[in-house]
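This report concerns only the one structure given below.
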Amino acid sequence: MRAFITGGAGFIGSHLADALIARGDTVIILDNMSTGSQVNIAHLEGTITVHSGDIRDAALVNKLVEESDIVFHMAAALGVKNIMEHTIESIDRNFNGSEVVLNAATKHNKRIIIASTSEIYGKNPNQPLHEESDRVVGAPQKIRWTYADAKALEEAVAHTLHKTHGLKVTTVRFFNTVGPRQTGQYGMVVPRFIQAALNNEDIIIYDDGSQSRVFCHVADAVRAILTLADTDSTIGDYFNVGGTGETTIKELATQIIERTNSQSQIRHIAYTEAYPAGFEDMQRRVPDINKIKKTIGWEPTHTLDSIIDSVAAHLKK
Ligand SMILES: NC(=O)c1ccc[n+]([C@@H]2O[C@H](COP(=O)([O-])OP(=O)(O)OC[C@H]3O[C@@H](n4cnc5c(N)ncnc54)[C@H](O)[C@@H]3O)[C@@H](O)[C@H]2O)c1
């Protein structure tokens with residue numbers, strides 16, 4: 001099968017490329033290397049085709065979609081810091097860019113998996129979050145939510161194209177996906193904390209650290225993507241993909257320090273020191289993964305300890 005991955009040089013996209021190559025598929029990547037990196041796919045040189053370009057290039061995207069059997073749309077601008085510092089460019093990429101990819105898949109009648117996010121649920125306090133949970137986001141001037149808004153619109157366009165034009169789309173809402181190759185540069189908490197721990201530097205927690213998350217290893221997430229893609233009954237549907245075991249950010253920092261035998265100290269700073277004005281956070285984010293479990297039998301296998309070990313091993317390299 002010829003698989004076309006947008007954002008294939010990124011964190012999740014490169015692991016997806018590994019899995020597709022391992023099972024004998026052909027992989028074509030389109031990436032503008034904004035947050036992705038050649039290093040993530042260097043080991044696949046000679047086995048994959050990489051196009052350096054932008055998903056907003058409709059002619060190129062149409063050509064690559066037409067030549068493929070399936071599209072995995074992973075390209076996006078992400079990372080809270082990145083979104084807040086490059087807001088308009090991020091909205092353009094995430095909404096207009098995605099529309100180009102969705103229209104191409106519709107035109108050429110191709111199967112497509114799109115990457116959405118738990119951010120679309122916003123700060124809904126009713127946890128765990130299931131697929132029909134409401135979106136609760138702040139005012140438009142709270143810039144953080146523009147990422148969620150663009151992704152929600154992408155989902156709505158995909159859903160509409162499915163209904164009106166039979167687009168064979170499945171939507172995957174990732175919850176805090178982590179693992180080797182993820183960079184801490186754009187505000188991702190796990191690589192940022194582990195890198196600090198390995199350097200015996202202070203681990204900086206924003207606010208009091210009582211906010212909680214559930215982390216999912218990228219290997220589990222990739223298995224979910226591939227199984228959903230191979231299951232035609234998931235066409236037109238949408239699924240949470242997340243881990244198990246809620247942990248506060250303070251517990252995460254403590255566990256990372258213990259697990260890596262680090263001398264790091266924990267230091268707290270206010271959100272206002274870390275982010276530009278217009279930032280707000282959600283206190284909890286817990287996925288309800290019953291739907292995907294029932295539909296394809298998927299469940300995560302990694303614990304937080306095994307996640308920390310695999311990220312630490314990667315960063316040590
Ligand atoms: N990692 C997570 O926890 C998480 C959570 C929710 C959703 N997601 C979604 O999963 C997908 C993959 O995320 P990731 O964590 O691998 O991030 P990533 O930043 O590593 O990957 C995104 C890739 O897209 C590329 N890209 C960005 N804009 C592009 C454009 N206009 N044209 C071509 N390529 C472009 C980047 O260079 C990068 O390689 C994204 O759609 C993201 O929104 C990720």
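None of the figures in this text is laboratory data; all of them are computed from the coordinates on show. All values reported here derive from a predicted model rather than from experimental measurement. Because the Cβ atoms are built from the backbone with ideal geometry, glycine has one as well, and the counts that use them run over all protein chains shown.
Please list, or write none, the aspartates and glutamates whose alpha carbon is within less than 19 Å of the alpha carbon of Lys163, excluding same-chain residues fewer than 8 places away. Reachable aspartates and glutamates: Glu99, Glu131, Glu132, Glu154, Glu155, Asp232, Asp237. Note: relative contact order over the chain, using C-alpha pairs below 8 Å and six or more positions apart, is 18 percent. Length gained on full extension, Asn124 to Glu45, computed as 0.36 nm times the residue gap minus the Cα-Cα distance: 24.1 nm. Shape class of segment 78-161 from the alpha-carbon gyration tensor: oblate, with a/c at 1.5 or above and b/c at least as large as a/b. Think of segment 204-262 as having a plus end and a minus end, set by charges on the Cβ of Lys, Arg, Asp and Glu; of Val218, Ile204, Thr244, Ile204 sits farthest toward the positive end of this dipole.
Using the Cβ-Cβ distance between Thr301 and Ile21 with R0 set to 25 Å, the FRET efficiency from 1/(1 + (r/R0)^6) comes to roughly 0.70.
Here the chain is assigned +1 on the Cβ of each Lys and Arg and -1 on the Cβ of each Asp and Glu. Its dipole about the Cα centre then comes out at about 260 debye. Taking a straight line from the alpha carbon of Lys250, these lysines sit under 21 Å away, with near neighbours fewer than eight places off in the same chain left out: Lys81, Lys123.
A convex hull fitted to the Cα coordinates of the chain yields 120 cubic angstrom per residue. Quick check: from the Cα gyration tensor, does segment 237-317 come out rounded (a/c under 1.5), prolate or oblate? Oblate, because a/c is 1.5 or more while a/b does not exceed b/c. Counting only aspartates and glutamates at least 8 places from Lys142 when in the same chain, those with an alpha carbon closer than 14 Å to its own are Glu85, Glu119, Glu280, Asp281.
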